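The values are calculated or read from the model by the stated rules, or taken from the named source; none is laboratory data. Values in this document were obtained by computation on a predicted structure and should not be read as measured data. Neighbour counts run over all protein chains shown; Cβ positions are idealised from the backbone, glycine included. Accessible surface is based on the protein model in full, side chains and every heavy atom, while ligands, DNA and RNA are left aside. Shrake-Rupley method; radii C 1.70, N 1.55, O 1.52, S 1.80 Å.
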Amino acid sequence: MTDFMVKPLFLVDLDDTLLQTARKMPANMPRQVAALDKHGQPLSFTNPTQQVFIEWLLHSADVVPVTARSVDAFKRVQIPFKQGAICAHGAVILGANGQRDEVWHQQMLNTLAPYREPLVHIQTTLNSI
C-alpha cells in the first residue's frame with residue numbers, strides 16, 4: 001500500500017454549472033463573485049451551494065475546467081483551478097502553469113488552416129454589413 005491517495009479527475013463546465021450571471025439567479029440569493037468582465041467588473045457569480053461544492057471539489061479532486069470561454073475570459077475566473085484548463089470549445093489547452101500547450105496549438109493550427117481564409121472573408125463581410 002502506498003502513502004498517497006490518487007485524486008479523481010473531474011472535467012467540469014463553468015458557465016451555468018459552477019457559476020452564472022446575476023440575471024439567472026434569484027434577486028435575494030446571496031452570491032459571491034466568480035468571474036470578472038474585461039473591465040474588471042463582476043460578471044459571474046456562485047450561490048452558496050455552488051461555493052460549497054467548488055470548495056469540496058477543489059479539495060477532493062484534480063479539477064480541469066472545460067469552457068467555451070476564451071483564454072482571456074478564463075483567466076478572469078476567480079476560482080483557483082490548479083490543473084490547467086480546456087478553453088475555446090477545446091481549441092486551446094492550458095497547462096497547470098497557465099501556459100498554452102504548444103503541441104496542441106500546432107495541431108489546431110494545422111487542422112484549422114484550410115478554414116482561415118473563408119472565415120476571414122465571412123468576418124469581413126459581416127463587419128461591412
In the stretch 34-48, anything open to solvent by less than 60 Å² (accessible area, probe 1.4 Å) and either modelled with pLDDT under 95 or within 20 Å of Ala68 (Cβ to Cβ) (or both) is listed as Ala34, Ala35, Leu36, Asp37, Ser44, Phe45, Thr46
Which number in (1) in contact with a strand residue (DSSP E or B) (Cβ under 6 Å, 6 or more places away or on another chain); (2) farther than 27 Å from Asp101 by Cα; (3) of a type outside the set (Lys, Arg) marks the one condition that Val63 misses? (2)
When the stretch 1-20 is examined, which residues are found to be open to solvent by 40 Å² or more (accessible area, probe 1.4 Å) and in a loop (DSSP other than H, G, I, E, B)? Met1, Thr2, Asp3, Phe4, Met5, Val6, Lys7, Pro8, Asp16, Thr17
Could you check Arg116 against (1) of a type in the set (D, E, K, R); (2) farther than 20 Å from Pro8 by Cβ; (3) surrounded by 15 or more Cβ atoms within 10 Å (Cβ to Cβ) and say which number it fails? (3)
Please tell me if Ala35 is part of a strand (DSSP E or B) and more than 30 Å from Phe4 (Cβ to Cβ). yes
